[in-house]
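> Dropping a structure here in structure tokens format, bear with me for questions.
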Amino acid sequence: MSKMALSASIILRQGLRCGRIIQASNTAMVSQLRPLHDDQAVLPRLPVPQLDDTLNKYLKTVKPLVTDEEFHLTEEIVKKFGASGGIAHRLQNKLINRAEATENWLSDWWMNAAYLDCRGPLVVWSSPGLVFPLQEFRTLDDQLNFAAKVIAGTLDYKIMVDQKTVPVERMGKDTLDMSQYFKILGTCRIPGVTRDTIQFYGQSVHPPKHIVVAHNNHFFKIDVYGKHGEPLNVRQLVHQLRNVVERSTHPAIPVGILTTQNRNVWGKAYKQLRKDKTNKASMEEIQRCIFLVALDGPVVNPTGNIMTDAALSCVHGYGPQGYAGNRWYDKTLQFIIGKKGAVGMTYEHTPAEGPPVANLMDHIMDYMADVKKDLQLPAIELSKPQRLMFNINPDLKQDIEEAKVALESLVGDLEMTCFKFTGFGKNFIKSQKLSPDSFIQMAIQLAFYRIHNEPGAHYESASTRKFLYGRTETIRSCSVESVTFAKAMLDKELPVNEKTAALRSAIEAHKNYVKDAVNGLGVDRHLLGLKLAAIEAGMDVPTLFMDVGYLRSSHMRLSTSQVPARCEAFMCFGPLVPDGYGCCYNPRSDAIFFGTSAFNSSPETDSATFREALEQSLLEMQDILLRDRVKANL
């Protein structure tokens with residue numbers, strides 16, 4: 001892919017990154033137990049921003065990333081694009097008409113453009129991993145017991161989903177759209193040759209009553225409800241899992257590795273697989289299942305950092321030499337239970353952002369801590385786990401071998417550094433009357449500038465769930481103020497009070513952008529809508545989208561996300577661009593968990609170097625705040 005084509009596609013891939021959801025600066029999100037449908041029907045519709053506001057805001061975000069000469073050219077292009085009676089106003093009217101005729105003018109476009117039309121692999125490029133609090137398993141019993149509790153906890157959560165009693169979330173006084181919570185169980189992405197589709201089996205008239213367990217590349221269907229619809233208890237689930245392990249002691253042909261391929265390639269292989277009735281039936285059982293559980297062996301090629309090892313397991317399963325064949329990456333939810341205690345999940349991003357997934361994880365961990373759950377009565381009449389068979393002809397064997405080669409290259413390129421920063425957490429940042437998220441975002445900006453001596457386009461996701469069917473908007477965290485701050489911090493001669501002032505100014509600019517973004521008034525989704533409106537109308541793509549200002553400001557070298565959780569967990573994902581970084585974080589009271597990534601093929605980036613720069617930036621930011629306070633008190 002050319003650099004221009006790659007850059008132009010990034011805005012469509014921004015939605016692929018995990019839940020990186022920012023609600024609003026300094027606004028707590030609370031939950032209230034009530035039926036979901038009571039408030040959802042009255043949610044406001046996603047607005048179409050004012051054209052002039054978007055274009056002016058866009059220019060502000062471009063300025064720190066281009067030369068003066070390039071910026072002058074971008075200004076001229078934007079001026080021509082937005083001229084009265086010009087193309088932008090015609091496209092704007094199309095968006096306004098679309099908004100009047102639909103419940104959400106963006107949602108259908110977004111589903112296709114950001115997910116189903118994307119042809120790259122789900123592994124690394126799209127599907128995030130979520131690492132649970134790490135465990136220590138000494139025996140197979142430990143592993144199976146933990147897996148059984150994960151299953152039981154998820155089925156317990158499913159009761160709230162089925163009864164529509166998942167706590168409704170609010171952002172301040174605003175009720176948030178909860179539709180994503182109904183889309184993560186029993187859901188599967190279906191490969192296509194040119195466009196994928198998605199099936200919500202959990203919302204069907206006859207929803208699935210089974211899960212699928214993978215072990216040694218074998219897949220087994222396990223019914224998780226008894227004769228009267230009662231869920232199996234933990235002891236019964238352990239029994240079923242042990243049966244699976246005992247019947248799959250030798251590795252099978254890794255059919256699941258086909259799901260790691262480029263989507264066009266997998267789509268063609270999928271069509272061939274379905275021609276065989278046995279294969280078709282087995283795949284349908286996997287696709288329809290409530291979720292999948294992968295029972296893995298020990299860590300492959302350990303890095304010496306158990307957090308990083310667990311993250312790599314969740315993102316790509318250590319590749320074809322590891323457990324990538326023990327997955328079905330099209331499934332929305334796959335729990336991964338490693339032999340020694342590396343546990344977590346990988347999730348396919350199409351139906352939901354991170355909060356529903358992190359919320360589920362928190363529920364599972366709470367379930368495990370509740371000793372009363374161990375007293376659940378057994379279900380009546382267990383059925384034996386059913387092995388799902390596959391007939392693999394020579395052509396499919398070749399497809400599998402090609403998938404191994406492609407995945408091996410991708411796995412070899414991704415490198416990660418995951419860590420717990422213990423210098424301080426969100427409590428200290430709040431004590432300075434600063435937004436924890438904005439503070440961390442500026443630390444990431446500073447870390448990048450420290451390494452590269454230039455700013456980098458910086459993506460963070462804002463939730464637009466205050467609107468019906470809202471998903472995300474981009475927070476462009478790189479700003480004139482953030483660059484001024486980074487330069488100030490690296491100037492050894494600058495007084496502390498000026499550095500502190502630059503920090504507070506950068507944080508305030510970020511907070512203001514967040515406020516616009518959560519209210520549907522960002523730049524990127526509006527520009528995407530204008531572009532798609534032109535394409536849908538058969539018009540040429542406007543010059544603005546081929547300008548250096550657009551390409552550089554949407555080439556997100558920093559792909560970041562805050563995914564908070566109540567437990568010591570963190571989400572992780574690959575970079576958005578070949579010369580970029582991925583950085584996801586979970587701020588805790590007195591620590592911050594980070595999952596960072598880069599590509600080995602880029603000589604400019606290294607996740608371990610980024611970690612060092614990030615930790616140094618955080619500590620120096622704390623230092624100037626403390627020194628400035630001491631000086632002010634003298």
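The values are calculated or read from the model by the stated rules, or taken from the named source; none is laboratory data. Just so it is clear, the model here is predicted, and its values are computed rather than measured. All Cβ positions, glycine included, derive from the backbone under ideal geometry; neighbour counts span all protein chains shown. For accessibility, only protein heavy atoms count, side chains too; no ligands or nucleic acids. Shrake-Rupley method; radii C 1.70, N 1.55, O 1.52, S 1.80 Å.
> Within the chain, what percent of beta bridges assigned by DSSP are antiparallel, to the nearest 5?
That works out to approximately 75 percent antiparallel.
> Next up: Could you state the accessible area per residue of the range 504-592 in Å², with a 1.4 Å probe and every protein chain left in place?
Value for the range 504-592: 29 Å² per residue.
> Angle, helix 607-633 long axis vs. longest principal axis of the chain, Cα atoms, 0 to 90°, nearest 10?
Around 50 degrees separate the two axes.
> Give a quick list of trypsin sites (Lys or Arg not before Pro) in the range 207-285 that DSSP marks as loop, anything other than H, G, I, E or B, with at most 16 other Cβ atoms within 10 Å.
Within the range 207-285, the qualifying trypsin sites (Lys or Arg not before Pro) (loop, at most 16 other Cβ atoms within 10 Å) are Lys209, Lys227, Arg247, Lys275.
> How much FRET efficiency would the formula 1/(1 + (r/R0)^6) give for Arg90 and Glu70, where r is the Cβ-Cβ distance and R0 is 25 Å, rounded to 0.05?
About 0.40, to the nearest 0.05.
> If you don't mind, another one. Over what distance in Å are the Cα centres of the range 417-475 and the range 246-283 separated?
Here the answer is 39 Å between Cα centres.
> With the other protein chains left in place, how much accessible area per residue, in square angstrom, belongs to the range 206-261 at a 1.4 angstrom probe?
For the range 206-261, the per-residue accessible area is 40 Å².
> Could you order Glu481, Glu473, Glu136 by accessible surface area, starting with the largest, using a probe radius of 1.4 Å?
Order by accessible area, largest first: Glu136, Glu481, Glu473.
> Using the beta-carbon distance between Glu230 and Leu140 and R0 = 25 Å, what value does 1/(1 + (r/R0)^6) give for FRET efficiency, to the nearest 0.05?
Rounded to the nearest 0.05, the efficiency is 0.40.
> Could I have the simple spin-label model distance between Glu408 and Glu498, label points 7 Å from Cα toward Cβ, reported in nm to one decimal?
Label at Glu408, label at Glu498, 5.6 nm between them.
> When only Cα pairs under 8 Å and 6 or more residues apart are kept, what is the percent relative contact order across the chain?
23 percent
> Using a 1.4 Å probe on the protein chains only, how many percent of the accessible area of the range 246-398 belongs to carbon and sulfur?
53 percent
> Roughly what angle does helix 496-518 make with the longest principal axis of the chain, taking Cα atoms, 0 to 90 degrees, to the nearest 10?
Once rounded, one gets 60 degrees.
> Between Glu568 and Glu508, what is the label-point separation in nm under the 7 Å Cα-to-beta-carbon projection?
Distance between label points: 3.8 nm.
> Of (1) 161; (2) 153; (3) 198, which one was derived for volume of the Cα convex hull per residue in Å³ from the structure shown?
Entry (1).
> Need one word for the range 191-317: rounded, prolate or oblate. Basis is the Cα gyration tensor (sqrt eigenvalues a ≥ b ≥ c); a/c below 1.5 gives rounded, then a/b vs b/c decides.
Oblate shape, in that a/c is at least 1.5 and b/c is the bigger or equal ratio.
> With label points built 7 Å along Cα→Cβ from the Cα atoms of Asn301 and Lys277, find their separation and express it in nm.
Taking the simple label geometry, Asn301 and Lys277 are separated by 4.3 nm.
> So what's the angle, to the nearest 10 degrees on a 0 to 90 scale, between helix 87-101 and the longest Cα principal axis of the chain?
Result, in degrees: 40.
> Multiply the residue separation of Lys79 and Lys433 by 0.36 nm, subtract the distance between their alpha-carbon atoms, and state the gained length in nm to one decimal. The partial results should precede the final answer.
On the way: separation 354, 0.36 × 354 = 127.44 nm, distance 3.91 nm.
My answer for the length gained is 123.5 nm.
> Would you calculate a helix-derived [θ] at 222 nm for the chain, using -39,500 (n - 2.57) for each DSSP H run of n ≥ 4 and dividing by the full residue count, to the nearest 500?
After summing the helix terms and dividing by residue count, I get -13500 deg cm²/dmol.
> Work out, step by step, the length gained on full extension between Asp108 and Glu612: first 0.36 nm times the residue separation, then minus their alpha carbon distance; give nm to one decimal.
177.3 nm
> Further question on the same structure: In percent, how large is the relative contact order of the range 240-335, given Cα pairs closer than 8 Å and 6 or more residues apart?
Value for the range 240-335: 40 percent.
> Okay, moving on. Given R₀ = 22 Å, what would the calculated FRET efficiency be for Arg247 paired with Ile392, taking r from the Cβ atoms and rounding to 0.05?
Working: r = 19 Å, r/R0 = 0.86.
According to the calculation, E is roughly 0.70.
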